[in-house]
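The values are calculated or read from the model by the stated rules, or taken from the named source; none is laboratory data. As the structure is a computational prediction, the values presented were derived from the model and not from experiment. Ideal geometry is used to build each Cβ from the backbone, glycine not excepted, and the neighbour counts take in all protein chains shown. Note: accessible area is taken over every heavy atom of the protein model, side chains too, but ligands, DNA and RNA are not part of it. Shrake-Rupley method; radii C 1.70, N 1.55, O 1.52, S 1.80 Å.
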Amino acid sequence: MSCPSMPLDADSWRSAVEMYDRRYTFVSVGPRTGDDWLHDVASVMRGESVEPRSWRTIDPDEGEEEREDDPAFPFVTPPADEEGSTEWQSRLREVPRSSVVRLLVLLATLDLDVSRDPRLPERLAEMEEHARVILSRCPDRTQFFTNTWGGGAAFDFYQRISSCSPLSRYPWDLGLLWVSDEEVGLIWSFDPR
């Protein structure tokens, strides 16, 4: 893993996740409390978890009326029963660490499509640096998951993405879920069109 030029701290994290401010994107991390990390993911989705480092989170639906009926909106949380949680988890694919930077950049692009974002040529190096800062939060044994294969070749997130297995109430969403020994994290972008 290449080291980011900025040390990982609250300021570098804040600066890195700012690239998601222009999108409908949820960014939050919670503690991992046991082997059943799906329970911890559901807690993060419902806003029940406290960010372990007290660093910046992004929740564009905080305070919206949809949350009154469903604290996890817009997510569809993993069911508590074994059959339901197995089906929910089947929508995820494990991503190699080597592909995570590109996935994090994709999640910050217009229309969730690297090829269609006119800002990208001038911002790509900066976005990749921010993505490396985010990735540096994840220890070596961290597992990474997404709900798409990526475009063209598997896990090439700079190619056009043509399919996903939504984990929200919307027909199109893409995201990164990571699970380490200490934390679970979500960076999830939605396209409600």
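Each row is one residue, and each column tells you yes or no for (1) within 26 Å of residue 75 (Cβ to Cβ); (2) of a type in the set (Val, Ile, Thr).
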residue: 124; (1), (2): no, no
residue: 132; (1), (2): no, no
residue: 144; (1), (2): yes, no
residue: 157; (1), (2): yes, no
residue: 161; (1), (2): yes, yes
residue: 167; (1), (2): yes, no
residue: 188; (1), (2): yes, no
Being open to solvent by 10 Å² or more (accessible area, probe 1.4 Å), more than 26 Å from residue 87 (Cβ to Cβ) and in contact with a Ser or Thr (Cβ under 7 Å, 6 or more places away or on another chain) narrows it down to one residue among 116, 97, 160, 102; which is it?
160
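If we scan the range 76-94, do we find a residue that is of a type in the set (A, V, I, L, M, F, W, C) and open to solvent by 40 Å² or more (accessible area, probe 1.4 Å)? Before you say what the answer is, go through the steps one by one.
Our first condition is that a residue be of a type in the set (A, V, I, L, M, F, W, C); within the range 76-94, this holds for 76, 80, 88, 92.
After this cut, where a residue has to be open to solvent by 40 Å² or more (accessible area, probe 1.4 Å) as well, the list is 76, 80.
Looking through the range 76-94, at least one residue is of a type in the set (A, V, I, L, M, F, W, C) and open to solvent by 40 Å² or more (accessible area, probe 1.4 Å).
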Of all residues in the range 141-152 being modelled with pLDDT under 95 and over 13 Å from the mean Cα position of the chain (by Cα), which is farthest from residue 174 (Cα to Cα)?
152
Sort through 62, 68, 48 and tell me the only one that's in a helix (DSSP H, G or I), acidic (Asp, Glu) and open to solvent by 60 Å² or more (accessible area, probe 1.4 Å).
68
Quick one: which of 131, 108 is assigned to a helix (DSSP H, G or I) and either in contact with a helix residue (DSSP H, G or I) (Cβ under 6 Å, 6 or more places away or on another chain) or buried (at least 23 other Cβ atoms within 10 Å of the Cβ) (or both)?
131
Can you find a residue that is assigned to a loop (DSSP other than H, G, I, E, B), within 27 Å of residue 171 (Cα to Cα) and open to solvent by 50 Å² or more (accessible area, probe 1.4 Å) anywhere in the range 5-23?
yes
Before we move on, is residue 54 at pLDDT 95 or above, surrounded by 14 or more Cβ atoms within 10 Å (Cβ to Cβ) and small (Gly, Ala, Ser)?
no
